[in-house]
Each structure stands twice: as C-alpha cells, then as structure tokens.
1. Checking the conditions here, which among 126, 146 is out of contact with any Ser or Thr (no Cβ under 7 Å at 6 or more places or on another chain), away from ligand 2 (no atom under 11 Å from the Cβ) and open to solvent by 10 Å² or more (accessible area, probe 1.4 Å)?
2. Any idea which of (1) open to solvent by 10 Å² or more (accessible area, probe 1.4 Å); (2) over 26 Å from residue 344 (Cα atoms); (3) within 15 Å of ligand 2 (Cβ to nearest atom) is the one residue 192 doesn't satisfy?
3. Answer yes or no as to whether residue 279 is in contact (Cβ under 8 Å) with a residue 24 or more places away in the chain and under 25 Å from the mean Cα position of the chain (by Cα).
4. Run down 234, 266 and say which single residue is touching a helix residue (DSSP H, G or I) at 6+ places or on another chain (Cβ under 8 Å) and away from ligand 1 (no atom under 13 Å from the Cβ).
5. Among the residues of segment 210-229, is any assigned by TED's automatic domain parsing to the domain that holds residue 107 and touching a His at 6+ places or on another chain (Cβ under 6 Å)?
6. Could you please give the count of residues in segment 51-60 that are near ligand 1 (Cβ under 7 Å from one of its atoms) and open to solvent by 10 Å² or more (accessible area, probe 1.4 Å)?
7. Can you tell me which of 154, 167, 163, 173 is more than 16 Å from ligand 1 (Cβ to nearest atom) and crowded, with 22+ Cβ neighbours inside 10 Å?
Amino acid sequence: MFARTIFSRNRPKIVSLSNDARFKLSNSAPINEDCDHKPRRIFSGIQPTGSVHLGNYVGAILPWKKLQDSGEDVILEIADLHSITLPQDPKNLSQSILEMTASILACGINAEKVILFQQSSVFTHAELSWILGCTCTIARLSHLPAFKEKSSTLKDVPVGLFLYPVLQAADILAYKATHVPVGEDQWQHIQLTQDLAKMFNKRYGKCFPIPHTMITDNVYSRLKSLRDPNKKMSKSDPDPRSRISLLDKPDEIQKKFKKAVTDFTSEVYFDPERRPGVSNLISIHSIVSNKDIMEICRESKGLNTAQYKSLVADAVIEYLKPIQTDYHRLLSEEAYILEILQNGADRAKEISCRTMQEVKDKIGFSYSSKNTSFVTSRI
Ligand code: AMP
Ligand code: TRP
C-alpha cells in the first residue's frame, strides 16, 4: 500500500511507445512527438534467465519491435552481468544467453536494424558503473523497492544486488540513450539513472542527456498469471502453469488455458477490476489476434468460459507457431547467433568507448597532448 502511494506520487514523465491503440499510453504523446532529445536513442535490456513468456513478449520484446519498425535508433542488450547478481550455473548461463538471443530474433528483432549485444562483451559498462557508483549514496540505493524486495528473501545479500541499478544506469548512459522502454517494475531504476546523469553533469559539466522512461501503460502492460490473475505473469513463479512460455507445445498451451483461473460467471466480457481472470484471457487474445477488445467480446458472445479458453489457446498456438519454428532454426545455427552478438558488441563498443573518453576527460583521468608523450614513454 505504502509502495503504491510513493509509486504514483513520484511517477516520472512517461513516453508512449507507438500509435498502435493497443500500445498507447493514456497520458502521453505518440512516438516522435517527444521533444527535448533529438536525435532519439532507445536503449533497453533483458536478463538471460528463464525462458521468455508471453508477459515478456508483450511488455518488452513487442514494444522494442515496434520501435525498431518505426525506424528508431535502438540498442538492446542481453543483460548477463545483471543476471549474476543471483547465483547462476555457468553451463546454463551460456546456453541461456544463446536462447535469449534466439528468442529475441525469432520474435522479430532484426540485428541489421538494431544493435543487439551481450552486456559482458562490452567492458565500458562495468567501468562507467564504477564511476557512477562514486556519485551515488548508499541511502539512495537501499531505498529502491526492487532491492528491498529481493534482499528481504536472502540471508547474505551480495553487493552486486545492491549495485545492480548503478550498472543499469551505466548501460543506459554509456550510449547517451534518450529513451528507455521498460516494464513498470523498472521505472525507479530509470529515475535513479536520471538522478545520476544530472549529478554527473552538475559536477563535471554536461555529458549525458536525461533519459525518458517509456512504459506501455495499458491493459497489456502487465499480463497476469494464469493461476492467480491478481499477480503478474512471471518467470520466477514456481508454478509453470502460471505462464505461457513462447516455446510451449500446443498441448501444454491447451492444458494451461484449460486450468486458467477465472470466476463463476460463464460469460465473456472485459472488466479487469472485477473479472481479472477472464479479462487477462481477453487481453492475450487481443494481442495474438490483432483485434481490439470490443471486437473480441462481440465475437465471443454466446460462448461459455470453457469454450472461450479453448479458442484463446488455439489462437495463441497459431500465433506462436512461426516464432517457435524460427527459434529452433536459429538455435541450431549457433555460429550465426554468435556472429550477431559479436557484431553487436563491436558496434556497442565503438559508441560507448567514445562516451567513456568524454567521461574520463571530464573527470580528469586524461592528459593533454603535451603530457601524453610523458605518460606513454613510461609504459
Ligand atoms: P523479467 O521477466 O522480470 O526479467 O522482465 C523482463 C521484461 O519483461 C521487463 O521489461 C518486464 O517489465 C517485462 N515483463 C515481465 N513480466 C511481464 C508481464 N507479466 N507483463 C508485461 N511485461 C512483463
Ligand atoms: N534490469 C532490467 C530487468 O531486469 C534489465 C536491464 C538491464 C535493463 N540493463 C538495462 C533495462 C538497461 C533497461 C535499460 O528487466
């Protein structure tokens, strides 16, 4: 309750993701109308843990694709440095990085249109993270809700978990990104990024743009768990029936929808407050059928919930088919995926090294050309 109050009071300016009605924000300008930063640069990331579910697809990957397809300058990272804030099995981690890359590509991200890279291949993130960490206070980090929530379940809290938002700020600022599309749960981290950028600019002179948060703020922005529609669909839910993985087989999808928790009214209409379960099914249906909610409700008149669940399951199965085919094809071409990541890392390094040079010059780590000969002669 308390967190909720803070949340709405401090909510930052949010920028719309696209003109598509299904991805529109209630209170914001459509794409390209946002003003202060030209040209725009979009940066986002996803951790390579667990398999991608429909919630990730709708809340993260689909918005990225929309930005990519509108010709925006988009940089995406597989945030593997973030993922080791909690223990990972090394064998699984490298496979998960390949799988996450294949999933993103199979969902329509085109590595010729965006920069897609693996975070740990680009050393500037860790370097800038240290510098930003030196301007950030312990008090500021310890108040972040994601840290409080995650650390509360651990006996020994790793320093990495505490510093994670500073690394995220470094990811964004290393590219001088102007816009950051993230899920609702991440906006405090972008707010921290804004504060760190302002602090750096104030202390050392203007270097970073202040990045905007982009959040899909509508019924699709949080797909709910199929087992408990009051919770979000999540990778970390111990019950796999709570989520539809992009790689689920048709019979698994049918079973999961059949078991989806709804209510005792056997009619299909949209009311997220009073009927979160059925409304979640309608949201999913709307995404995969490209129809709006009114149209779906009109077409589903006369169906009972069981029949409707089966219809949604069929629509999801159809929708995921080409994604799954592409995913399996890509994953069998490991060298191709590695080439994409390598190429992405080269391009990411080029941009972020330029920023780092500017940062170092401002801080006083660099020497004027007169003194450089002295320094190099000592190496
Ligand atoms: P996570 O699975 O928490 O690592 O999140 C990866 C990305 O997917 C983030 O941008 C989240 O905000 C987004 N996301 C995760 N779960 C959902 C959900 N149920 N609905 C919409 N977006 C989600
Ligand atoms: N922290 C984000 C998550 O857990 C992933 C992420 C890492 C990210 N670096 C980022 C997102 C930079 C946006 C910008 O979902």
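The values are calculated or read from the model by the stated rules, or taken from the named source; none is laboratory data. Here the structure is a predicted model, which is why all the values come from computation and not from measurement. A quick note on method: Cβ atoms are made from the backbone with ideal geometry, for glycine too, and the neighbour counts reach across all protein chains shown. Calculation scope for accessible area: heavy atoms of the full protein, side chains included, ligands and nucleic acids excluded. Shrake-Rupley method; radii C 1.70, N 1.55, O 1.52, S 1.80 Å.
1. Being out of contact with any Ser or Thr (no Cβ under 7 Å at 6 or more places or on another chain), away from ligand 2 (no atom under 11 Å from the Cβ) and open to solvent by 10 Å² or more (accessible area, probe 1.4 Å) holds for just one of 126, 146, which is 126.
2. Tallying (1) open to solvent by 10 Å² or more (accessible area, probe 1.4 Å); (2) over 26 Å from residue 344 (Cα atoms); (3) within 15 Å of ligand 2 (Cβ to nearest atom), residue 192 fails exactly one: (1).
3. Yes: the conditions hold for residue 279.
4. 266 is the lone residue from the list that is touching a helix residue (DSSP H, G or I) at 6+ places or on another chain (Cβ under 8 Å) and away from ligand 1 (no atom under 13 Å from the Cβ).
5. Among the residues of segment 210-229, at least one is assigned by TED's automatic domain parsing to the domain that holds residue 107 and touching a His at 6+ places or on another chain (Cβ under 6 Å), which makes the answer yes.
6. Number of matching residues: 4.
7. 173
Table: residues versus (1) of a type outside the set (A, V, I, L, M, F, W, C); (2) assigned to a helix (DSSP H, G or I); (3) at pLDDT 95 or above.
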| residue | (1), (2), (3) |
| --- | --- |
| 298 | yes, yes, yes |
| 301 | yes, no, no |
| 316 | no, yes, yes |
| 324 | yes, yes, yes |
| 328 | yes, yes, yes |
| 336 | yes, yes, yes |
| 343 | yes, yes, yes |
